[in-house]
1. Could you state the accessible area per residue of region 134-281 in Å², with a 1.4 Å probe and every protein chain left in place?
2. Evaluate the distance, in nm, between pseudo-label points positioned 7 Å from the Cα of Thr17 and of Glu223 along their respective Cα→Cβ axes.
3. Using the beta-carbon distance between Arg123 and Ala205 and R0 = 35 Å, what value does 1/(1 + (r/R0)^6) give for FRET efficiency, to the nearest 0.05?
4. Would you calculate, for the chain, the mean residue ellipticity at 222 nm contributed by helices, counting each DSSP H stretch of 4 or more residues as -39,500 (n - 2.57) and dividing by all residues, to the nearest 500?
5. Rounded to the nearest 20 Debye, what is the dipole magnitude of the chain about its Cα centre when Lys and Arg each give +1 and Asp and Glu each give -1 at the C-beta?
6. Within the chain, what whole-number % of the accessible surface is contributed by carbon and sulfur, with the 1.4 Å probe and all protein chains included in the calculation?
7. With r defined as the distance between the Cβ atoms of Trp93 and His236 and R0 fixed at 45 Å, what FRET efficiency is calculated, to the nearest 0.05?
8. Summing +1 for each Lys or Arg and -1 for each Asp or Glu, what net charge is found among the other residues whose Cβ lies under 12 Å from the Cβ of Ala221?
Amino acid sequence: MPDMNLAVSPRVAVESTPRALAGVDFTSAPRRGKPIVWARGAWQRPGLLKLECFDEDRTPAAFAASLRRPGPWLAAFDMPFGLPRELLATLGWPADWAGSMAHYASLSRPQIVAAFAAFCDARPTGSKFAHRACDAPAGSSTSMKWVNPPVAFMLHAGVPALREAGVDLPGLAAGDPTRVALEGYPGLVARALIGRRSYKSDARAQQTTERLIARKDLVDALEQGRWRGLRLKCTHAQRDELVADAQGDRLDAALCLLLAGWADTQPGYGRPADADPVEGWIVAADGHGADGPAPAPPPAKARRATARGR
């Protein structure tokens, strides 16, 4: 097991243009009642990440405009960035990331469902779906799942937008180094803090007192810095907003903001040495849970060197 002593506290460097941070709760069909939510933040001091505001994109065009917002910024997105290698090989789809994503984007949703359903139908009970290598350590759903949750459609809508915007996708595709997009999974942080307690639901009948209490406990843990030593600073109004959000959209965006903050402190954004260049990788899916305080943001020169070295 690698040494996980992360208790490093260099001074925060003063940059001419500090990098903004964001967490993004994505939906494949943004609209007024279910927008794409951005939780925007910035370092206040080492280990203390201030939640500045929430922004909403209610249309795909608005999301595209947000992606083109000038940098420097780093954001963690709650959506998959790739498909399982096993699935690609079985379906005879391109085996490289760019080719597989271009082919996937060319398909309609009914075509995707038909292909994935046929794949599942040919497999035995208990192993219907293929998984990416990063799914198990993150605890995330397979990116080929088209219902409950429909992450396959999130990939279908989200990755083409990222590619069109020309953002940098470390480990997958080089782009504008001042606009960096990473795959995040809010459930990774939530489970490290409150276990498998459910804290959200889109169904009004399932927006229970138990889930409300779980959200309170989760927000308490974020403010106390119980995930890798990173503490989220919220105003009283923001805290109330996170707890009251029964669908969990803002809370998931805030969890992704924390993931973006952690990635911002790590060499190469914390990308594992064995990250799959076809399937992609998930921030902090390293099996270490909530353990270990995070180091301070690296100096500007180190960040520039990291960007040049990718």
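The values are calculated or read from the model by the stated rules, or taken from the named source; none is laboratory data. On a predicted model such as this, the values are computed, not experimentally measured, just so you know. Ideal geometry is used to build each Cβ from the backbone, glycine not excepted, and the neighbour counts take in all protein chains shown. The protein model used for the area step is the full one, side chains on, heavy atoms only, and it has no ligands, DNA or RNA in it. Shrake-Rupley method; radii C 1.70, N 1.55, O 1.52, S 1.80 Å.
1. On a per-residue basis, 39 Å².
2. That separation, rounded to one decimal, is 3.5 nm.
3. Calculated value: 0.55.
4. -11500 deg cm²/dmol
5. Using Cβ point charges on Lys, Arg, Asp and Glu, the chain gives about 460 debye.
6. 54 percent
7. Taking R0 as 45 Å, the efficiency between Trp93 and His236 is 0.35.
8. Here the count lands on +4.
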